[in-house]
């Protein structure tokens, strides 16, 4: 993982504890934190793993349901130009995975779907993900297909915020959906989740049936 990203994450730990997502970001589904088993929020009823096919960074079709069957799957919709939540989430996940045994790490797949396919070409997306973990899967496609995937995952579609000089940012869902091996997302992880939280939860998520 890129040392600069790790330093950024560590230097902003205080901010992370209070972060709720980028300005204008859609809200996460209602969660229940009354049970302390997981550091994320429990979703009731759980969300069904979506079925969609996009394109991975090698240019091959990626059937999300098929290619993640039997794994604990972390799904996040974001973009590489994101100034806050996207790099912080990816860095926290990467550092958390480094802290768990290989037998746990090998049962986890991390899938990052760009919501900004115009700027996030396959090359850009692959290079950005490699800063965190080369095993992270990056997916892209045309805007209609990505919006369809977000709807299928019950995630609000990202929306563009126009800045000066024709630049723009995206308001997007800032939570990570985690599907256990039953193909249901019982837990979601909002902004503020730390590497220690992931290291705590991933071994438990892998054991869930």
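No lab work stands behind these numbers, since they all come straight from the coordinates. Bear in mind that the values here come from a model prediction, so they are computed numbers and not experimental data. Please note: Cβ atoms are built from the backbone with ideal geometry, for glycine as well, and neighbour counts cover all protein chains shown.
Below are the figures for this structure:
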{"item": "Highest average packing first - 190-201, 73-84, 41-52, Cβ atoms within 10 Å", "result": "73-84, 190-201, 41-52"}
{"item": "Simple label model, 7 Å out from Cα along Cβ direction - residue 143 to residue 200, nm", "result": "4.1 nm"}
{"item": "Linear extension gain, residue 53 paired with residue 37, 0.36 nm per residue minus alpha-carbon span", "result": "2.5 nm"}
{"item": "Calculated FRET value between residue 151 and residue 209, using beta carbons and R₀ = 25 Å, to 0.05", "result": "0.30"}
